[in-house]
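Notes follow the structure.
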Amino acid sequence: MQNGKTLGEPLLEAREISLSFGGVKALRGVSLAIRRHEILAIIGPNGAGKTSMLNVVNGFYHPQQGTITFKGETRRAMRPHQAAAQGIARTFQNVALFKGMTTLDNIMTGRLLRMKRGLLWQALYWGPAEREELAHREAVEKIIDFLEIQAIRKIPVGRLPYGLQKRVELGRALAMEPELLLLDEPMAGMNVEEKEDMCRFILDVNDEFGTTIALIEHDMGVVMDISDRVAVLDYGRKIADGPPDAVRADQAVIDAYLGVSHG
Amino acid sequence: MELLHALVIDPIGAIADNPEFLLEVVIGGLLTGVMYSLVALGFVLIYKASGIFNFAQGVMVLFAALCFVGQLQLGMPLVMALLSTVAIMIALAFVIERVVLRPLVNQEPIILFMATIGITFFLTGLGQLVWGGDVKTLDIGLPKDPLIIGGVLVNEFDLTAAAVAGLLVAGLALFFQKTSIGRALRAVADDHQAALSVGIPLKTIWVIVWSVAGIVGLVAGIMWGTNLGVQFSLALVALKALPVLILGGFTSIPGAIVGGLIVGAGEKVAEVFWGPAFGGAIEDWFAYVLALVFLLFRPQGLFGERIIERV
Amino acid sequence: MLYREAGQFKTSYAADQAIFTIPQDRAAFWILLALGFIAIPLVASEYVLLTIMIPFLVFALAAIGLNILTGYAGQLSLGTGGFMAVGAFTAYKLTTALPGLDIVFVFLLSGLVAAAVGIVFGLPSLRIKGFYLAVATLAAQFFLIWLFNKLPWFSNYSPSGVIGAPPRAALGLVTVTGAEASPVAKYLFTLAFVAILALAAKNLVRGRFGRSWMAIRDMDIAAEIIGIRPLNAKLSAFAVSSFYVGIAGALWAFIYTGGVEALAFDIDRSFQILFMIIIGGLGSILGSFLGAAFITLLPILLDRGGEALGLPVPVNVLTNLEDMIFGGLIILFLIAEPRGLARLWQIGKEKLRLWPFPH
């Protein structure tokens, strides 16, 4: 593998996923495995079904056919909050932060699943509830340090520039301490420096926390640089899957990007 | 056992004994429903053209009726009073656009909704301050005699109301389909930004829509006012248009009509046959609960389209 | 002492998570509490206590309740009056059925019953959103008022449908309801109740529950994807909100008016509370108090203002004027500052913090 790390067993395996909306077929029998500790890039032209694939994986869309096995458990459909509880976190193409809340509160929401104290303790905000809150605050502060966003801690995210919002969104996903992190175009609309920062964060997350990452990205330079494996979707089908260099040389992929007609 | 009797056996027995009476009740209900439809129509127009949920539609009905009846009482001839009330409603549309809508453009829908609650209170106060809060009888010579058609008792006035509603809907349909203003309106309803970018003047459109809604309100106000007298409770009756909208969907004119008919007939039948079992006056809430139950099964309304959520 | 934050460093997360992070704010808060608990009972007249302070506090509690649901969780409700009625009539049934039960527990139980009813009427929120939900809450409003009006069991078959508060003591100490209760006792009891519940509300909204409510409000899809169950978040908001609103209804019937009929909680009451949170500030506990103060005082000021100008304003004109002014103010606030008085207060403080060197 590219940086010499050993990839583990498949963490998630999607088999023969088909999804359609009315008459539009978004995915047609896509099978895709995501292995432990890898960075998998999903690429493809617009409308190829990349985001739909992520939506299926984290339970936002329910496929008409196919199964998903995550950590050895097979299922057809689950609700997004169940996916979250099992350790799947994600970010969105168009930032999906809670605009009325501060950076700190946004990232704190990533800890909600881990906070257990009931209503009465919360109302008292005393003893166990306070200790729990502070423990999670500390965990969140580590993420804030990691992402270098200390200065915007108390600013409502609606007022932040786009690049920072994407970073906060990554922070919220990290706060969930996920096993599988899905990133939908984490670098869209960023300038070069912001992209470099984001690449660094993604590689560090993968390296330091051992988090498995699947990301959608359009910037081929970035894809080739950071991913261990690349899967290519076109018209709802998977047309290639393998190491970056092999995929780059694949004739079907070149055709898809150059727009050779599909006879 | 007693409950079973009150809820099932007695009402159904009553219906089976006298099916003509049921027919009368249904027809009476349908004709009340027409009135709900008239109010709902005003809501739909504004919602379609601006995405604003106009809570003030009910009070616009009251306000228009108050202005109309007030001027009649001052001795103004019928046609003059009618024209001057139309003028007032158009002026009101101008003021609302200038004072409320323009400063709030691009705000969240919920903020605009609350602003229309503000308009509701303002107009309630203003209307009653100027014209007084007493009940005013309104009689502009609409026929009110009972008729027997095919063995069923109907009221001439209800038939008139239905005819007026039909004319109004036909007129609006023509206006929307055939005129350039109508085309512009539909464009705005579809996409504000796109409409702006092809040069449709949003402000003018809003004034027109609110004026039309005001005039529809006036028609509804005259109908309701003739029936119940012009008084504050008109604004509350108009709240019944809300469940109508839920049944019909917020953007559908046929939906407003059909929804109104369902609510009107449904609540009359419920009141007459099931009301006694509950102690009466279930008309107060029946429409809302009906709408609520309906929503649980079909959140998009009768004629609304299914929404696909995207991220 | 200048209002300054510079030079104050927080050395622990606990300090940073406190409600009032600035000592001056903390001091102001304690002074305000002392005023409320000591000074006002000593100096205020019976009139002020009974017609201004108590309704203000009860309104503030109802506004906190609605603010939790609408301001924090983003679920617009027009049914506040209905849930207040649930609290009031439950308290009445409880006090008459169990005369030995302490009034504090009566009120808390009434809140719990209102919370249960709130959950039932909150169930549709799982399928429907926004305006559709607002209409659904109207169903709660009209149905509940009809229920209390029509079923004489709720008012113990009183011919007028009015429920009167029997005399009861709080914690076995001092009588706070009924005709013999002293205004000071009523006032202090209400204040204590409201103060404790407001603190609890503040704690809730800054913790786990508050965050999941705001997440649902700001973006329900994203909330679900980070693991928030919409069911839990929405229904807990309905439950907590109705708990507060229900207790406010019970306090209204038992302490403020001493006797009400169901129509005291009609749809106009729902709008009144909604106005408080719009004017005070959506999503702010402080705003609930500010809005309640504003709406309680405005009619009194109008009345006094008219008298002061030598214009005896007839009652019906006054109510119409009030409607117009409320309506106008709502629009004005939404245009000028959609986040209400609480936001204005915050902006003022930020300016003050920098004063006299604004740059």
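Quick note: the coordinates plus some simple rules give every number you see, no bench work behind them. Here the structure is a predicted model, which is why all the values come from computation and not from measurement. No Cβ is skipped: glycine too gets one built from the backbone with ideal geometry, and neighbour counts run over all protein chains shown.
Nearest-5 percent of antiparallel DSSP beta bridges in the protein assembly as shown?
If I count the DSSP bridges inside the protein assembly as shown, around 65 percent turn out antiparallel.
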**Message:** How tilted is helix A:162-175 with respect to the longest principal axis of chain A? Cα atoms for both, answer in degrees (0 to 90, nearest 10).
**Reply:** 80
**Ranked list, fewest to most other Cβ atoms within 10 Å of each Cβ, for C:53, C:276** = C:53, C:276
**Message:** What does the charge count around residue B:272 come to, taking other residues whose C-beta lies under 10 Å from its C-beta (Lys +1, Arg +1, Asp -1, Glu -1)?
**Reply:** -3
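Counting every Cα pair in region A:102-175, what percent are over 19 Å apart?
Values: 956 of 2701 pairs.
The proportion of pairs with Cα distances above 19 Å equals 35 percent.
Please identify the DSSP H helices in chain C that span no less than 24 Å along the helix axis (Cα) and have a mean Kyte-Doolittle hydropathy of 0.5 or more.
Numbers: long enough: C:80-97 (26 Å, 0.75); C:103-122 (27 Å, 2.66); C:130-150 (30 Å, 1.34); C:183-205 (32 Å, 1.63); C:230-251 (31 Å, 1.15); C:285-308 (34 Å, 1.30); C:315-336 (30 Å, 1.78).
The qualifying helices are C:80-97, C:103-122, C:130-150, C:183-205, C:230-251, C:285-308, C:315-336.
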**Message:** Averaged over its residues, how many other protein chain Cβ atoms are within 10 Å of peptide A:76-86's Cβ atoms?
**Reply:** 4
**Complete:** Taking max minus min of the Cα coordinates of region B:97-220 on each principal axis, largest first, gives extents in Å of 58, 40, 23
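What do you get when you divide the Cα radius of gyration of the protein assembly as shown by 2.2 N^0.38 Å, with N the number of residues? Let's see the in-between values first.
Numbers: Rg = 30.8 Å, N = 933, 2.2 N^0.38 = 29.6 Å.
With N residues counted in the protein assembly as shown, Rg over 2.2 N^0.38 Å equals 1.04.
Expected output is a single nm value to one decimal: the length gained when fully extending between residue B:73 and residue B:190, i.e. 0.36 nm times separation in residues minus the C-alpha distance. What is it? Walk me through the numbers before you get to the answer.
Values: separation 117, 0.36 × 117 = 42.12 nm, distance 4.33 nm.
Difference between extended and current length: 37.8 nm.
Expressed in nm², what is the orientationally averaged projection area of the convex hull enclosing the Cα positions of region A:181-222?
Values: hull surface 11.1 nm².
Mean projected area of the Cα convex hull: 2.8 nm².
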**Fill in**
Both in Å, the radius of gyration and Dmax of the C-alpha trace of chain A are 19.2, 68
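Specify, per residue and in Å³, the volume enclosed by the convex hull of the alpha carbon atoms belonging to region C:211-267.
Working: hull volume 5.3 nm³, N = 57.
It is 93 Å³ per residue.
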**Asked** What's the FRET efficiency of residue C:345 with residue A:208 using the Cβ-Cβ distance as r and R₀ = 45 Å, to the nearest 0.05?
**Response** 0.55
**Message:** For a quick check, take a GNM of chain C with Cα springs below 10 Å and name the residue from C:145, C:196, C:247 with the largest mean-square fluctuation.
**Reply:** C:196
**Message:** Would any residue of region B:101-131 have its amide N under 14 Å from a label point 7 Å out along Cα→Cβ of residue B:95? List them or say none.
**Reply:** B:101, B:119-131
**In degrees, nearest ten, helix B:253-269 long axis to first principal axis of chain B (Cα)** = 30
**Asked** Just how far, in whole angstrom, is region A:115-190 from region B:265-290 if you go by their alpha carbon centroids?
**Response** 51
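Tell me what the protein assembly as shown gives for mean residue ellipticity at 222 nm when only DSSP H runs of n ≥ 4 count, each as -39,500 (n - 2.57), the sum divided by the residue total, rounded to 500 deg cm²/dmol. Can you show the working numbers first?
Values: 39 runs with 541 residues, N = 933.
-18500 deg cm²/dmol, from helical runs alone.
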**Complete:** Log10 I(q)/I(0) at q = 0.15, 0.18, 0.23, 0.24 Å⁻¹ for region A:27-106, from Debye over equal alpha-carbon scatterers, is -0.64, -0.89, -1.30, -1.37
**Complete:** Rg/Rh of region C:186-237 (Cα atoms, Kirkwood Rh), to two decimals, equals 1.19
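Report the rotationally averaged projected area of region B:201-259 based on its alpha-carbon convex hull, in square nanometres.
On the way: hull surface 18.8 nm².
The orientation-averaged projected area of the Cα hull of region B:201-259 comes to 4.7 nm².
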**Prompt:** Tell me which lysines have Cα within less than 23 Å of residue C:234's Cα, excluding those fewer than 8 residues away on the same chain?
**Reply:** A:99, A:116, C:129, C:202
**Prompt:** When the Cα centres of region B:156-197 and region C:111-138 are compared, how far apart do they sit, in Å?
**Reply:** 34
**Message:** Looking at chain C as a GNM with Cα springs under 10 Å, which of C:129, C:93, C:349 has the largest mean-square fluctuation?
**Reply:** C:349
**Fill in**
Straight-line reach check, residue B:136, cutoff 25 Å on alpha carbons, 8 or more apart in-chain or any other chain, hits among lysines -> B:144, B:240
**Prompt:** Could you name the lysines in cross-link range of residue A:142, using Cα to Cα under 18 Å and dropping any fewer than eight places away on the same chain?
**Reply:** A:154, A:166, C:10
**Prompt:** Using a basic spin-label model with each label point 7 Å from the Cα along Cα→Cβ, how many nm lie between residue B:21 and residue C:352?
**Reply:** 7.1
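For residue A:136, what charge total do you get from the other residues with a beta carbon under 12 Å from its beta carbon, if Lys and Arg give +1 and Asp and Glu give -1?
Numbers: positive: A:111, A:114, A:116, A:117, A:131, A:137, A:142, C:208, C:211; negative: A:105, A:130, A:132, A:133, A:138, A:141, A:177.
Summing Lys and Arg as +1 and Asp and Glu as -1 gives +2.
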**Request:** Using only Cα positions of region B:2-297, each an equal point scatterer, no hydration layer, compute I(q)/I(0) via Debye at q = 0.15, 0.16 Å⁻¹ and quote the log10 values to two decimals.
**Result:** -1.19, -1.31
**Asked** Looking at this model, which pairs from B:178/B:268; B:48/C:150; A:50/A:195 are more than 28 angstrom apart at the alpha-carbon?
**Response** B:178/B:268; B:48/C:150
**Message:** Translational diffusion coefficient of region C:44-354 at 37 °C, 0.692 mPa s, Stokes-Einstein with Kirkwood Rh over Cα pairs, in µm²/s as a whole number.
**Reply:** 165
**Complete:** region C:304-327 scanned against label point 7 Å out from residue B:232 along Cα→C-beta; backbone N under 20 Å for C:304, C:313-327
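What percentage of all Cα-Cα pairs in region C:1-113 are separated by more than 26 Å? It would help to have the intermediate numbers written out before the result.
Working: 3107 of 6328 pairs.
The calculated P(r) of region C:1-113 puts 49 percent of pairs beyond 26 Å.
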**Complete:** Label model pair residue C:316, residue B:153: point-to-point distance (7 angstrom along the Cα→beta-carbon line) in nm is 3.5
**Request:** State, to one decimal in nm, how far the label point of residue C:42 lies from the label point of residue A:220, with both points 7 Å from Cα in the Cβ direction.
**Result:** 8.2
**Fill in**
Over the Cα atoms of region C:79-182 the radius of gyration and the largest Cα-Cα distance (Dmax), both in Å, equal 15.7, 49
**Prompt:** Which residue fluctuates the most in chain C, going by a Gaussian network model with Cα springs under 10 Å, if the choices are C:138, C:66, C:151?
**Reply:** C:151
**Asked** For region A:107-263, with equal point scatterers placed on the C-alpha atoms only and solvent neglected, what are the log10 I(q)/I(0) values from the Debye formula at q = 0.08, 0.11, 0.12 1/Å, to two decimals?
**Response** -0.33, -0.57, -0.65
**Message:** Binning at 10 angstrom from zero up to the longest distance, how are the C-alpha pair distances of region C:185-305 distributed in percent?
**Reply:** 11, 35, 35, 14, 4, 0
